[in-house]
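The values are calculated or read from the model by the stated rules, or taken from the named source; none is laboratory data. It should be emphasised that the depicted structure is a prediction, and the values quoted were computed from it without experimental measurement. Heads up, the Cβs are rebuilt from the backbone with ideal geometry, glycines too, and the neighbour counts pull from every protein chain shown. Surface areas here come from the heavy atoms of the whole protein model, side chains and all, with no ligands, DNA or RNA. Shrake-Rupley method; radii C 1.70, N 1.55, O 1.52, S 1.80 Å.
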Amino acid sequence: MPKIYAFIPARSGSERVKDKNIKKLHGKPLIEYTIDQAKSSKLITKTYISTDYKHLNSKININEDVKVIIRPKNISKNTSLDIDWILHLLKKIKNDMPDLIVLLRPTSPFRNHEFIDISIKKLLAKKDYDSARAVTLVKEHPDKMWIKEGEKIIPLGGFNKTGEDFHSMQYKSLRKVYVQTSSLEILRTKSLIKNGTLSGKKVLPIFSDYLNSFSIDYEEDFETAKKIFK
C-alpha cells in the first residue's frame, strides 16, 4: 500500500478574511473541518499541518495524530509559492517520504472524505499521471471575455477568421472549459521532486460538485457557508 499523507497549509496572514483558518464556522474553527476530513479518509495514513503560526495548537483542537510543522516566515508571505512550503515539509520528514501528497486547503468545509478517497483511487489507477486536480465547469466563459487594446476592446481569444465569433454564441455552443478549484490536489512526490512543479505535465481531472468545490475566500463566503449549514 502506498504511503498517502495529507498536507494542510495554514498560513497565519490573510488579507481578504482576517485569521481565516481559525475563524469559527458553525461553532468550530474552519481548519478543523479539513482535519476531520483527513482523519475520516480510509486511505490517508498521516496528516501534517504546515504553518508559520507558532500558537496554532492553542487555538484549535489537534490530537496527537496530526503533526504541526512550523515553516519560516520567508515562505509564508501572500506571494509565496505552494511548492516552497511543501518542499520544506518534505525535508522535515525526509526519512518518511509519502508516495502521494493530498493537498487539503482549510477553505473547503463541505469537502467530504468519500470524495477525497475516490479521487485518490482514480490517481492510483493512472500510474503515468503526475497529479490530479479538482475542477468544475466555468460560469464565466473565457470566450465571452474581452481585453482592452488601445481605444478598443477585442475578444480574449481573438476574432474568428470565418463564421460567427465565439462571443456571440450561446454558452452551450462553446467548448467546455473548466476552472480549477482549491478543494483538492493530489501530487505524486516523485514527480514533484523531478519536475520542480506541483502538477507536473500530465494532470488527471477530478470533476467536482458544488459542495466539494465550495471555498471560503471572502467574507461573503462565510455567510453563504452559514446558510448551507442551516
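A dipole drawn for the chain from +1 and -1 charges on Cβ atoms has a positive end, and of 169, 213, 47 the residue lying farthest that way is 47.
Of all the Cα-Cα pairs you can form in the stretch 107-230, what percent are over 20 Å apart? Taking all Cα-Cα pairs of the stretch 107-230, the fraction more than 20 Å apart is 60 percent.
Relative to the longest principal axis of the Cα atoms of the chain, the long axis of helix 30-40 lies at roughly 70 degrees.
Quick check on packing: order 68-76, 206-214 by the mean number of other C-beta atoms within 10 Å, highest mean leading.
206-214, 68-76
The portion of the accessible surface of the stretch 145-208 made up by carbon and sulfur, rounded to a whole percent, is 56 (1.4 Å probe; DNA, RNA and ligands excluded). Using a probe radius of 1.4 angstrom, the carbon and sulfur fraction of the accessible surface of the stretch 1-135 is 48%. Restriction of the chymotrypsin sites (Phe, Trp or Tyr not before Pro) in the stretch 153-187 to DSSP coil positions whose beta-carbon has at most 11 other beta-carbons within 10 angstrom yields 159.
What is the magnitude of the charge dipole of the stretch 21-101 about its Cα centre, with +1 placed on the Cβ of each Lys and Arg, -1 on the Cβ of each Asp and Glu, and no other charges, expressed in debye to the nearest 20?
On the way: 15 positive and 9 negative charges, 56 e Å.
Computed charge dipole of the stretch 21-101: roughly 260 debye.
Of the GluC sites (Glu not before Pro) found in the stretch 1-76, those in coil by DSSP whose Cβ has at most 10 other Cβ atoms within 10 Å are 15, 64. For the chain, a simple Cβ point-charge model (Lys and Arg +1, Asp and Glu -1, everything else neutral) yields a dipole of about 600 debye relative to the Cα centre. When restricted to Cα atoms, the stretch 23-159 yields an Rg and a Dmax of 19.3, 61 Å, respectively. Amide H contacts of residue 3: 99, 100, each under 5 Å away and 5 or more positions distant or on a separate chain (H built 1.01 Å from N in the peptide plane; Pro and chain starts excluded).
Across all directions, the average projected area of the convex hull around the alpha carbons of the stretch 57-133 is 7.0 nm².
Averaging Cα coordinates gives a centre for the stretch 1-34 and one for the stretch 48-93; these two points are 11 Å apart. From the largest down, the chain spans 63, 41, 36 angstrom on the principal axes of its Cα atoms. Extents of the stretch 151-214, largest first, come to 46, 30, 24 Å (Cα atoms, principal axes, whole angstrom).
From Cα pairs below 8 angstrom and at least 6 apart in sequence, can you work out the relative contact order of the stretch 47-144, rounded to a whole percent? After rounding, I find 18 percent. A Gaussian network model of the chain, with springs between Cα atoms under 10 Å, assigns the largest mean-square fluctuation among 82, 52, 130 to 82.
Within the stretch 125-155, the trypsin sites (Lys or Arg not before Pro) that combine a DSSP coil assignment with at most 15 other C-beta atoms in a 10 angstrom radius are 126, 127, 139.
Each peptide in 90-99, 190-199 receives the mean, over its residues, of other Cβ atoms within 10 Å, and ordering these scores from highest gives 190-199, 90-99. In the chain, helical runs assigned H by DSSP with n ≥ 4 each contribute -39500 (n - 2.57); averaged across all residues and rounded to the nearest 500, the mean residue ellipticity at 222 nm is -7500 deg cm²/dmol. For the chain, the per residue solvent-accessible surface stands at 58 Å², with DNA, RNA and ligands left out and a 1.4 Å probe. Computed about the Cα centre, the dipole magnitude for the stretch 119-229 is approximately 860 debye when only Lys and Arg (+1) and Asp and Glu (-1) carry charge, each at its Cβ. Selection among 14, 157, 95 by position relative to the dipole of the chain gives 95 as farthest towards the positive end (Cβ unit charges, Cα centre).
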